[in-house]
1. Compute the helix-to-body angle for 114-123: its Cα long axis versus the longest principal axis of the chain, expressed 0 to 90° and rounded to tens.
2. Counting other beta carbons within 10 Å of each Cβ, put 151, 209 in order, fewest first.
3. For a quick check, take a GNM of the chain with Cα springs below 10 Å and name the residue from 28, 155, 211 with the largest mean-square fluctuation.
4. Extending each Cα 7 Å along its Cβ direction at residue 10 and residue 93, get the distance between those two points in nm, one decimal.
5. Want the number for residue 52 to residue 185: 0.36 nm per residue separation, take away the alpha-carbon distance, what's left?
6. Can you bin segment 151-220 into rounded, prolate or oblate? Criterion: square roots of the alpha carbon gyration tensor eigenvalues sorted a ≥ b ≥ c, rounded for a/c under 1.5, prolate for a/b above b/c, oblate for the rest.
7. What is the mean projected area of the alpha carbon convex hull for the chain, to one decimal in square nanometres?
8. Roughly what angle does helix 160-169 make with the longest principal axis of the chain, taking Cα atoms, 0 to 90 degrees, to the nearest 10?
């Protein structure tokens, strides 16, 4: 009597570069418990196939036409919250990785690490957030660091106008976008950002943005 067949884990792969997408599919084929049920070359096509196949896992490029990886993550949060999503990207800066994590991604891999680490990522404990080797130890340590205990105290010194700017920074908005949303000049927004960087001890290129993204929940709840 034959043993019952193990249920397959269905996967969709989304990337606008056919050769890279083919390489990802080939990598996944090594694990016989995984089955690639569909591929997509842009975000809109990916969502259509997610609705049809309702897979367990999505492997998605961050930069795609029509709807990018962040858009797919946001869509999944509301429509398929149990979907596991692993982001692949050439952009491995902390702001990108943190935003993907905040939007519910299960992992973030540099594209150059896909062949060597993708299977490790999809096999890991889903309660953990996977980052591949090329993301860098500094970023990984930052993501794992406990929330700064002095942040709540520092936020008490932030003005109401600065708080509005900071709230929008948590969503990675640029100074121009913030200016448009708050009906301010870009110069005024930059002045608020400079003051915030001073008050929150986030001086240096992108430090304020990194702090805002990493502590989004604490900032929005303050």
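Bear in mind that the values in this text are calculations on the coordinates, not laboratory data. Remember, predicted model here, so these are calculated numbers, not experimental data. Here the Cβ is made from the backbone with ideal geometry for all residues, glycine too, and neighbour counts use every protein chain on show.
1. Around 90 degrees separate the two axes.
2. Values: 151 16, 209 21.
Ordered by Cβ neighbours within 10 Å, fewest first: 151, 209.
3. Comparing 28, 155, 211 in the GNM, the peak value goes to 155.
4. So the two model labels end up 3.8 nm from each other.
5. On the way: separation 133, 0.36 × 133 = 47.88 nm, distance 4.53 nm.
Here the segment from residue 52 to residue 185 would lengthen by 43.3 nm.
6. On the way: a/c = 1.44, a/b = 1.41, b/c = 1.02.
Rounded.
7. Values: hull surface 57.2 nm².
For the Cα atoms of the chain, the hull's average projected area reads 14.3 nm².
8. Its long axis makes an angle of about 20 degrees.
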